[in-house]
Ligand SMILES: Nc1ncnc2c1ncn2[C@@H]1O[C@H](COP(=O)(O)OP(=O)(O)OP(=O)(O)O)[C@@H](O)[C@H]1O
Ligand SMILES: O=P(O)(O)OC[C@H]1O[C@H](OP(=O)(O)OP(=O)(O)O)[C@H](O)[C@@H]1O
Ligand SMILES: [Mg+2]
C-alpha cells in the first residue's frame, strides 16, 4: 500500500489534489477529511500541513509526498526531490522598505523575520553573513512596521502582499520553488511509487504539450520535421493525394501558434492542434 502525503491547507492544496485526481487517484470529498483510502490504486492519501510533509516522508512513515521545494530545504529532513510538478511556483526573497538595503551583505547584524528559518539560516551561512533570524509563523511582512525586524525573507509570487505594506524586494533571489514530489533520501522506488511518478509525469506532459496534425508536400518533409521533431520522431503517413503526406507530432503548448505559422509558410495545410487528455511516455 503506497502512502502519499498531500497538503491539507494553503497554496499547494488545490494544485496537489488536481494533479493527483488527473493521475487517477481519489479526491477527498471535503476539506475536513484527513485520510482517504484508495483501494483501486492500492494507496492511502494523508492530508497534512505542507510544512510537516518532508518530516513524515524523511522519517519513512510515508512513502511519497507533495510539498514546496522551499519547505523541503527548510525542514532539513532527510527527504529528496524526485520530480518537479510544475505548479505552485514562487521565489523566496528578501524585502525591506525601499532603499534600506541593496544586497544580502548589507544585512550583517540586522534582524530578519521569516517563517523559513532553516532555509534562511543556510543561505546566510553560505553568504558569510551573520544576522539575527526572527522566526515567525506567517504574515512576516508586517514585522518591520511593528519594529520586530529590519528586513524579511518570504515567499513572493505576484508581489501584491509586499506592495500592500510598502516593501520592496532586494538582492538576488534566495531560492526558486515549486511543488515537488518527494521521497525519503536514498529510498528505493517500488512498483507503486514508479507508477505514481509515471502517472504524474503523464499529467505534466499532457498539460505542457499539444498534438499537431498537418498535411505537407513530400519534398518539404525534412523542413517540416525540423519544425516539429516530436518526442521520438513524428508519425508520417501517406495521404490519398499524390505527392502529399500527413504528419502528427507532439509540440510544446507554449509557442504552438508560431509553429503553425512556420508550417504554413513552408506550405503545410489542414494544420490542427488538439489537447492531449492523458499520456504515458
Ligand atoms: N502565493 C503563493 N503562490 C504560490 N506558491 C505559494 C504562495 N504562497 C506559498 N506558496 C508555496 O506554497 C507552499 C506552502 O506554503 P503555504 O503558504 O501554503 O503554507 P504555510 O505558510 O505553511 O501555510 P499557511 O500559510 O496556511 O500558514 C510553499 O512551498 C510556498 O512556496
Ligand atoms: O506575492 P504574493 O502573490 O502576494 O504571495 C506571497 C504571499 O503568499 C504567502 O502568504 P500566505 O497567504 O501563505 O500567508 P502566510 O504569510 O501567513 O503564510 C506568502 O507567505 C506571502 O505572504
Ligand atoms: Mg503561507
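The values are calculated or read from the model by the stated rules, or taken from the named source; none is laboratory data. Just so it is clear, the model here is predicted, and its values are computed rather than measured. Cβ: placed from backbone, ideal geometry, glycine included. Neighbour counts: every protein chain shown.
Points worth noting:
- Among the criteria (1) away from ligand 2 (no atom under 16 Å from the Cβ); (2) assigned to a loop (DSSP other than H, G, I, E, B); (3) touching a strand residue (DSSP E or B) at 6+ places or on another chain (Cβ under 7 Å), the one residue 87 does not fulfil is (1).
- Residue within segment 66-80 that is touching a residue at least 40 places away in the same chain (Cβ under 8 Å), farther than 18 Å from residue 177 by Cβ and buried (at least 16 other Cβ atoms within 10 Å of the Cβ) present: no
- Residue in segment 3-13 that is assigned to a helix (DSSP H, G or I) and within 16 Å of ligand 1 (Cβ to nearest atom) present: yes
- If only residues of segment 158-194 that are free of Cβ contacts under 8 Å to residues at least 24 places away in the same chain and assigned to a helix (DSSP H, G or I) are counted, the one that is surrounded by the most Cβ atoms within 10 Å (Cβ to Cβ) is 161.
- The number of residues in segment 147-157 that are farther than 29 Å from residue 79 by Cβ and either loosely packed, with under 13 Cβ neighbours inside 10 Å or assigned by TED's automatic domain parsing to the domain that holds residue 84 (or both) comes to 1.
- Residues located in segment 142-157, provided they are more than 6 Å from ligand 2 (Cβ to nearest atom) and not in a loop (DSSP other than H, G, I, E, B): 142, 143, 151, 152, 153
- For residue 42, the criteria (1) over 24 Å from residue 186 (Cβ atoms); (2) in contact (Cβ under 8 Å) with a residue 24 or more places away in the chain hold in every case but one, which is (1).
- Within segment 224-278, the set of residues being surrounded by 12 or more Cβ atoms within 10 Å (Cβ to Cβ), within 27 Å of the chain's Cα centre (by Cα) and in a loop (DSSP other than H, G, I, E, B) comprises 228, 229, 230, 231, 253, 276, 278.
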